[in-house]
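The values are calculated or read from the model by the stated rules, or taken from the named source; none is laboratory data. Keep in mind that what you see is a predicted model, and the values were worked out from it rather than measured. A quick note on method: Cβ atoms are made from the backbone with ideal geometry, for glycine too, and the neighbour counts reach across all protein chains shown.
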Amino acid sequence: MKDAYPKTFIFVRHAESEGNLLSVEERTRHEVGTNRYALTDRGRRQAELTGKWLRDRYPEPDRILRSYYERVHQTSDIVYPDLPKRQENLLAEANRGIWHVATEEEIRAVLPFEIRRRDLEGYYHYRAPGGENWPDVERRVRDFRRSIRENYHGKVIVVFGHGTWELVWRKVLNCWDDTEVMEHYYRQDIVGNASISIYHGRFDEETGRPYLAHDPLVDYKVPWKDKL
C-alpha cells in the first residue's frame with residue numbers, strides 16, 4: 001500500500017516546563033513528580049507562538065496524539081485549544097526510575113551496586129530499578145510506528161511528546177546504532193522546546209516499500225525563536 005504511513009506526521013516537543021529550569025539534583029528534591037511538571041510562563045508563550053504557526057498550516061489535523069505528562073497536555077491544549085486529543089501512552093518520556101527521586105550520592109550510600117551496574121552496562125543499556133533503559137523506549141517507539149501505520153495511513157496527525165523519545169524516534173528512522181544515538185545525546189542534539197519536526201509518507205518504487213521522509217525545510221522549526 002503506497003500510503004501505508006500517515007500523509008503527514010508532525011511531532012511537537014512540549015514547551016518549556018519547570019523541570020527544564022532545574023538541575024538533575026534539583027529535580028530529585030522537587031515537590032512534584034517528573035510527569036507532573038507544569039509549563040513555565042515562558043513555556044506557555046512558546047506554545048502560543050508554535051500554536052499559531054501550526055494552526056495556520058494544519059488547522060484541522062485528522063488526529064492529535066499526546067503523552068500523559070502534564071507539560072504535554074498543557075502544550076497541546078494551548079496549541080489546539082478547540083480540538084479533541086487522544087492520549088497515547090507509548091509517547092511517554094523515558095522513565096529513569098529511582099534516579100528521578102534520589103541523587104547519585106544517595107544511591108551510592110544505599111545501593112552502591114547500582115552505580116557499579118550502571119557503569120558496567122553503560123548508560124544506553126542500564127535499566128534503573130523502577131525505570132526503563134533506552135532499548136525499552138525504542139520498543140515503544142517501534143510499537144508506535146506500527147500503530148500509526150495501522151490506524152492513520154494517509155492521514156495528517158500531530159503528535160505531542162518529549163525530547164529523548166524524539167531522539168530515539170530518529171534513531172529508528174535513520175537506522176542509527178547505539179553508539180550513534182548516544183553521540184547525538186551527549187552533544188545535546190535534542191529538539192528544542194515547542195519545536196516542530198515534520199515527516200511525510202513516501203513510497204520507494206524501486207524497493208516497493210513505504211517510508212517516512214523527514215521534511216528538510218523544517219529541520220526542525222522553532223516558531224518562537226527570536227520572538228521571546
### Message
If the requirement is being touching a Pro at 6+ places or on another chain (Cβ under 6 Å), more than 25 Å from N35 (Cα to Cα) and hydroxyl-bearing (S, T, Y), which of these qualifies: Y211, Y152?
### Response
Y152
### Message
Would you confirm whether or not the range 147-164 contains a residue that is over 22 Å from V12 (Cα atoms) and surrounded by fewer than 13 Cβ atoms within 10 Å (Cβ to Cβ)?
### Response
no
### Message
Just checking, does the range 51-63 include any residue being within 13 Å of H14 (Cβ to Cβ) and among the hydroxyl-bearing types (S, T, Y)?
### Response
no
### Task
Please enumerate the residues belonging to the range 175-203 that are more than 25 Å from R66 (Cβ to Cβ) and either loosely packed, with under 11 Cβ neighbours inside 10 Å or not assigned by TED's automatic domain parsing to the domain that holds A38 (or both).
C175, D177, T179, Y186, R187
### Message
With the structure loaded, tell me whether R57 is over 25 Å from K155 (Cα atoms), among the basic types (K, R) and under 22 Å from the mean Cα position of the chain (by Cα) or whether it fails that test.
### Response
no
### Message
Can you find, within the range 1-44, the residue that is nearest to W224 (Cα to Cα) among those that are without any contact (Cβ under 8 Å) to a residue 24 or more places away in the chain and surrounded by 14 or more Cβ atoms within 10 Å (Cβ to Cβ)?
### Response
E18
